[in-house]
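Input: a single structure, listed below in structure tokens.
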Amino acid sequence: MKLRIRGDSLRIRVAADELERLRTDGRLEERMRLGPERALAYRLRIDAAAQRLAVELSGAVLEVRLPQASAHAWCASEQVSLSDTLPNGAGGLKVVVEKDFDSSD
């Protein structure tokens with residue numbers, strides 16, 4: 001899973017093997033270690049209660065939640081991405097979650 005943050009835009013790319021794990025486990029998580037006892041975690045989670053894409057920052061964890069029906073349909077189809085623009089008080093936060101067909105770094 002790759003994370004890209006640029007201005008008011010957040011993009012997560014999910015590799016094919018991760019897509020299956022997301023579908024079956026309901027979540028993916030990666031960590032970037034910033035030191036021996038510090039890390040930034042980013043998580044993608046399927047949420048049965050979510051009505052639309054949602055983003056939450058809690059401590060050093062950035063979580064993007066996907067509505068369950070949309071997530072399962074996306075995982076099982078040729079659809080490339082899920083996206084939404086969320087209100088942030090400054091014009092909107094563009095969130096894109098997409099399949100990473102070329103998962104090379």
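Every read-out reported here was derived from the displayed coordinates using simple, explicitly stated rules and does not represent laboratory data. Since this is a predicted model, take the numbers as computed values, not measurements. Reconstructed Cβ throughout: ideal geometry from the backbone, glycine too, with neighbour counts over all protein chains shown.
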(message) Residue pairs, Cβ under 6 Å, 6 or more apart or interchain, first in the stretch 18-45 and in contact (Cβ under 8 Å) with a residue 24 or more places away in the chain, second assigned to a helix (DSSP H, G or I). List them.
(response) LEU19/CYS75; ARG23/CYS75; LEU28/GLU18; LEU28/LEU22
(message) Every residue in the stretch 1-43 that is farther than 16 Å from VAL64 by Cβ and either in contact with a Gly (Cβ under 6 Å, 6 or more places away or on another chain) or not aliphatic (A, V, I, L, M) (or both), please.
(response) GLY7, ASP17, GLU20, THR24, ARG33, GLY35, PRO36, GLU37, ARG38
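I'm checking my understanding of the structure. Among residues of the stretch 74-99 that are among the acidic types (Asp, Glu) and farther than 14 Å from VAL14 by Cβ, which one is surrounded by the fewest Cβ atoms within 10 Å (Cβ to Cβ)? Give the derivation first.
Restricting attention to the stretch 74-99, the residues satisfying the condition of being among the acidic types (Asp, Glu) are 78, 84, 98.
Pick out the ones that are also farther than 14 Å from VAL14 by Cβ and you get 78, 84.
Numbers: GLU78: 6, ASP84: 16.
Filtering first and then ranking leaves GLU78.
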(message) Consider the stretch 12-56. How many of its residues are over 9 Å from the mean Cα position of the chain (by Cα), closer than 22 Å to GLU78 by Cβ and part of a strand (DSSP E or B)?
(response) 2
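Restricting to the stretch 1-58, count the residues that are of a type in the set (Gly, Ala, Ser) and touching a strand residue (DSSP E or B) at 6+ places or on another chain (Cβ under 7 Å). It would help to see each step written out before you state the result.
Our first condition is that a residue be of a type in the set (Gly, Ala, Ser); within the stretch 1-58, this holds for 7, 9, 15-16, 26, 35, 39, 41, 48-50, 54, 58.
Next, only the ones that are touching a strand residue (DSSP E or B) at 6+ places or on another chain (Cβ under 7 Å) stay: 9, 15, 26, 39, 41, 50, 54.
Summing the residues that are of a type in the set (Gly, Ala, Ser) and touching a strand residue (DSSP E or B) at 6+ places or on another chain (Cβ under 7 Å) in the stretch 1-58 gives 7.
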